[in-house]
Amino acid sequence: MDTPSTPRKRRRTVLQSRYFSTSPDPQNRNQHDSENTPGRSHEGHHPPSPPYPQQTHQSLVYTNSRFFKPKPSDLDANLTDPAFLLFYHDFLDAIHDLYYAKPLLIQDYVSYSPWKVLIAVTLVNKTSGRKAIPVFFDVIQRWPTPASLADAPLSLLFEIIKDLGLGQIRSQRLIDISQAFLDHPPQPDTLHPSRGKHTALFVTSDGSFDLKHVQYPPTPISHIPGCGPYALDSYRIFCAGGDDWMNVRPSDKELVKYLQWRWAVEAYRKWDQTFGPGESIDLDYVRALTATLTSNSTAPNQSVVLPN
């Protein structure tokens, strides 16, 4: 009589997807987290390029989604379902198109340097980006550090930026910003009272919403001359690090479009200028947002125009 043998267990595989996060083995969790921590480039914030998911034809594949509770999924059955395949590939194509529709802003390009961000927004604010950004690169090339720009001849600086409008005011402002970075450089852990106000959403006692103009919250750069809401929003979105960008409600339309893109690509959520993050993105939303971003990709505002 043959000795009974224990049946072999079927190996369980995990679905690989850029949209669904896998649950690593607890013993390897720390290693998994450290290897997947996104870094920052010296050319701005660029999330890692999303890999195409690896398809597997093993049955009983388990998924772990940030949106849905884990449950067994028969991938073999799904891959034979025309409706599933149509939506799956359509959604991947839509996300791919959205990823490359990223708004290109000068603040993102120089986000590694808060000083350069403030110099850029001083020139770009209320001015066409197609005119202001080449002037910004000219200024930075002549005076590449706060110390050098603080000592720049006011008359020469005026001649360079006068065509942007408010030449005398902006010239002095650039020098004052640079001097402030020398005298009192921003420290991430030191907050200063902010000038100006921004719009905040409040929930009333009856459950309705109310928009109010309130004092802008303290930031590490609020003591720098000329740092109004636009400059503070730009700093918090591109320089502050962590999750501070998620708390910004800008009024500038280019920053609004950037945050709509970033919330969709990094957090997979819809985002509204007034109400903030909403529900999960879907195919229609991704396509509509991509169309909006690409149709305005040539707008002469803050788009980066690289020097020759």
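The values are calculated or read from the model by the stated rules, or taken from the named source; none is laboratory data. Source: prediction; values computed, not measured. FYI the Cβ positions are ideal-geometry reconstructions off the backbone, even for glycines, and counts take in every protein chain you see.
Return yes or no: is ASP163 surrounded by 22 or more Cβ atoms within 10 Å (Cβ to Cβ) and either in the same structural domain as ASP284 (by TED's automatic domain parsing) or in contact (Cβ under 8 Å) with a residue 40 or more places away in the chain (or both)?
On the way: surrounded by 22 or more Cβ atoms within 10 Å (Cβ to Cβ): no; either in the same structural domain as ASP284 (by TED's automatic domain parsing) or in contact (Cβ under 8 Å) with a residue 40 or more places away in the chain (or both): yes.
Spelling it out, it is not the case that ASP163 is surrounded by 22 or more Cβ atoms within 10 Å (Cβ to Cβ) and either in the same structural domain as ASP284 (by TED's automatic domain parsing) or in contact (Cβ under 8 Å) with a residue 40 or more places away in the chain (or both).
Please go through the stretch 288-308 and give me each residue that is buried (at least 17 other Cβ atoms within 10 Å of the Cβ) and modelled with pLDDT of 90 or more, ordered by number.
Within the stretch 288-308, LEU289, THR290, LEU293 qualify.
Restricting attention to helices (runs of 4 or more DSSP H) lying wholly within the stretch 38-140, give those where 1 or more residues are loosely packed, with under 15 Cβ neighbours inside 10 Å and at pLDDT 90 or above. First the steps, then the outcome.
Values: elements: 75-78, 82-99, 106-109, 114-124.
Result: 82-99.
Test TYR230 against the stated conditions and say whether it is surrounded by 15 or more Cβ atoms within 10 Å (Cβ to Cβ) and in contact with a His (Cβ under 6 Å, 6 or more places away or on another chain). Give the derivation first.
Values: surrounded by 15 or more Cβ atoms within 10 Å (Cβ to Cβ): yes; in contact with a His (Cβ under 6 Å, 6 or more places away or on another chain): no.
Considered against the rule, which asks whether it is surrounded by 15 or more Cβ atoms within 10 Å (Cβ to Cβ) and in contact with a His (Cβ under 6 Å, 6 or more places away or on another chain), TYR230 comes out as no.
Could we say that ASP210 is surrounded by fewer than 18 Cβ atoms within 10 Å (Cβ to Cβ), within 30 Å of TRP261 (Cα to Cα), touching a Ser or Thr at 6+ places or on another chain (Cβ under 6 Å) and not hydrophobic (A, V, I, L, M, F, W, C) here? Spell out the reasoning first.
Details: surrounded by fewer than 18 Cβ atoms within 10 Å (Cβ to Cβ): yes; within 30 Å of TRP261 (Cα to Cα): yes; touching a Ser or Thr at 6+ places or on another chain (Cβ under 6 Å): yes; not hydrophobic (A, V, I, L, M, F, W, C): yes.
The answer is yes for ASP210.
Residue check, GLY241 against (1) out of contact with any strand residue (DSSP E or B) (no Cβ under 7 Å at 6 or more places or on another chain); (2) at negative phi, all met but one. Which one?
(2)
Name the one entry in ARG130, ARG173 that is closer than 20 Å to PRO229 by Cα, charged (D, E, K, R) and in contact (Cβ under 8 Å) with a residue 12 or more places away in the chain. Spell out how you get there, then give the answer.
Values: ARG130 fails: closer than 20 Å to PRO229 by Cα.
The unique qualifying residue is ARG173.
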